[in-house]
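Okay, so here's the structure we're looking at.
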Amino acid sequence: MNYLLRLNICLIAGLIYGLDGIADDLIHLTIPAAGATFATTDTLQCDVDSGADAQECLAGLRWTPTDFEIRCEAADKDRGDLLIRFDSPVDTSNDVNDNVSMEWYVARDKERQPVSARAVVVVHESGRGMTVGRIFAKGLCAQGLHAFLIHLPGYGNRRSETSGKVEFILSGMKQAIADVRRAKDVVASLPFVQNDVVGLQGTSLGGFVTSTVAGLDRGYGRVFVLLAGGNLADVVQSGNRDAAKVRAQLEAIGITGEQIRELSRPIEPLRLAHRIDHNNLWLYSGKYDDVVSPASSLALAEAAKLPDGHHVELLADHYSGIVYLPMVIQEIRRKMDDQPKNP
């Protein structure tokens, strides 16, 4: 039986037989089954910005809000409890890539029953295995939050012969920004999710996507950025290790210098950073990071005017920062429990 139909039946029965009947029946409700669908709509509100540059950036990223469908599929082993699917707001004419997927890690009580709780959308790093993203998703779920690991364009279930190519890394981030923002409305429409505050967490590549999403509108009530910042083009052109690999791959197909800057400009977080709800964004950077330099993180913190305590500098580089993940996950849990702060 459709979940929402069953819930309505419970509510009607409660009106007839009393609230105790509702409580008893709701206890036995489960997460949606594979094949279930839900209808929802975009709540994107990209207000007109007084700055010409920001307005140009918003014009390139916004889409016309519309109704759309959420589809539930069976999850692969060790990939959450359910796979959530929805159409990307950006059409690239690649059916595999444009069918967005999220792994849902369901919050449960001590008896392993699903519980009502707030949720966090997790945006993974550049690694094909999405290892850090899954660590966050599983860790947040263990802390009692619903966690949703979204697969970025060209990753996971969205990888195809064309979408996985290096030349789509930067252009794919534009679609990723739209997908991640739409994901908020997907998550808020699902059962067991307390939709008053939905959180967003992104690491490295996912952190840059997350930073730009935070500047679109105030859709997400909490935002957590790890090992990312602003000046994306400088990171690609000057960063070591992962950034250097991407740079070499781009150079191998003739994309260099000014071309990298032009491809990065439509998705540059600093262009929208002044729009960020700085009271509800936290940035964690690495003091010795040589992939995303401390200057990149500081640029975002300054442009967003983050309050004291909202930019946490970890004594780590881009990789050793993994030792701080338990601490960051616990901090996210505490901040997700807090009441919303006024902008």
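The values are calculated or read from the model by the stated rules, or taken from the named source; none is laboratory data. All figures in this text were calculated on a predicted structure; none of them were measured in a lab. All Cβ positions, even for glycine, are placed from backbone atoms using ideal geometry, and neighbour counts span all protein chains on display.
Quick notes on this one:
- Residue in segment 232-254 that is of a type in the set (S, T, Y), in the same structural domain as L200 (by TED's automatic domain parsing) and touching a Pro at 6+ places or on another chain (Cβ under 9 Å) present: no
- Test for E268: is it of a type outside the set (V, I, T), in the same structural domain as I135 (by TED's automatic domain parsing), surrounded by fewer than 19 Cβ atoms within 10 Å (Cβ to Cβ) and out of contact with any His (no Cβ under 9 Å at 6 or more places or on another chain): no
Results for (1) of a type in the set (G, A, S); (2) over 28 Å from D95 (Cβ atoms), shown as yes or no for each residue.
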{"residue": "V115", "(1), (2)": "no, yes"}
{"residue": "A147", "(1), (2)": "yes, no"}
{"residue": "G154", "(1), (2)": "yes, no"}
{"residue": "E161", "(1), (2)": "no, no"}
{"residue": "I169", "(1), (2)": "no, no"}
{"residue": "V180", "(1), (2)": "no, no"}
{"residue": "G207", "(1), (2)": "yes, yes"}
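- Residue match in segment 229-251 (condition: under 24 Å from A147 (Cα atoms) and either surrounded by 24 or more Cβ atoms within 10 Å (Cβ to Cβ) or free of Cβ contacts under 8 Å to residues at least 24 places away in the same chain (or both)): yes
- Subset of segment 40-67 that is without any contact (Cβ under 8 Å) to a residue 40 or more places away in the chain and touching a Ser or Thr at 6+ places or on another chain (Cβ under 9 Å) - its residue that is nearest to D217 (Cα to Cα): P65
- I260 vs. criteria assigned by TED's automatic domain parsing to the domain that holds V197 and within 21 Å of the chain's Cα centre (by Cα): no
- Residue within segment 71-78 that is under 19 Å from L145 (Cβ atoms), assigned to a loop (DSSP other than H, G, I, E, B) and among the small types (G, A, S) present: yes
Yes/no per residue for (1) crowded, with 18+ Cβ neighbours inside 10 Å; (2) at pLDDT below 95; (3) acidic (D, E); (4) closer than 16 Å to L325 by Cα:
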{"residue": "H124", "(1), (2), (3), (4)": "yes, no, no, yes"}
{"residue": "R128", "(1), (2), (3), (4)": "no, yes, no, no"}
{"residue": "A142", "(1), (2), (3), (4)": "no, no, no, yes"}
{"residue": "H151", "(1), (2), (3), (4)": "yes, no, no, no"}
{"residue": "S160", "(1), (2), (3), (4)": "no, yes, no, no"}
{"residue": "S163", "(1), (2), (3), (4)": "yes, yes, no, no"}
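- Any hit, segment 93-104, residues being touching a helix residue (DSSP H, G or I) at 6+ places or on another chain (Cβ under 7 Å), aromatic (F, W, Y), buried (at least 20 other Cβ atoms within 10 Å of the Cβ) and not in a loop (DSSP other than H, G, I, E, B): no
- Within segment 53-81, restricting attention to residues that are aliphatic (A, V, I, L, M) and within 17 Å of the chain's Cα centre (by Cα), the residue that is surrounded by the most Cβ atoms within 10 Å (Cβ to Cβ) is L61.
- Condition broken by E302, with the remaining ones in (1) over 28 Å from K245 (Cα atoms); (2) of a type in the set (D, E, K, R); (3) part of a strand (DSSP E or B) satisfied: (3)
This table checks each residue for (1) without any contact (Cβ under 8 Å) to a residue 24 or more places away in the chain; (2) crowded, with 18+ Cβ neighbours inside 10 Å.
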site: G254; (1), (2): yes, no
site: H278; (1), (2): no, yes
site: Y284; (1), (2): no, yes
site: D290; (1), (2): no, no
site: E302; (1), (2): yes, no
site: H311; (1), (2): no, yes
site: K335; (1), (2): no, no
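- Of the helices (runs of 4 or more DSSP H) entirely within segment 152-261, those holding at least 3 residues that are under 25 Å from I329 (Cβ atoms) occupy 168-188, 205-216.
- Any hit, segment 202-210, residues being hydrophobic (A, V, I, L, M, F, W, C), surrounded by 24 or more Cβ atoms within 10 Å (Cβ to Cβ), in the same structural domain as V312 (by TED's automatic domain parsing) and touching a His at 6+ places or on another chain (Cβ under 9 Å): yes
- For segment 82-92, a residue qualifies if it is surrounded by fewer than 18 Cβ atoms within 10 Å (Cβ to Cβ), not acidic (D, E) and not in a loop (DSSP other than H, G, I, E, B), and exactly one does: R85.
- Check on D308, touching a Ser or Thr at 6+ places or on another chain (Cβ under 8 Å) and either of a type outside the set (A, V, I, L, M) or in a loop (DSSP other than H, G, I, E, B) (or both): no
- Listed conditions (1) farther than 30 Å from Q339 by Cα; (2) modelled with pLDDT of 95 or more are all met by V132, apart from (1).
- A single member of G139, G133 is touching a His at 6+ places or on another chain (Cβ under 7 Å), within 21 Å of G207 (Cα to Cα), touching a residue at least 60 places away in the same chain (Cβ under 8 Å) and in the same structural domain as L170 (by TED's automatic domain parsing), and it is G133.
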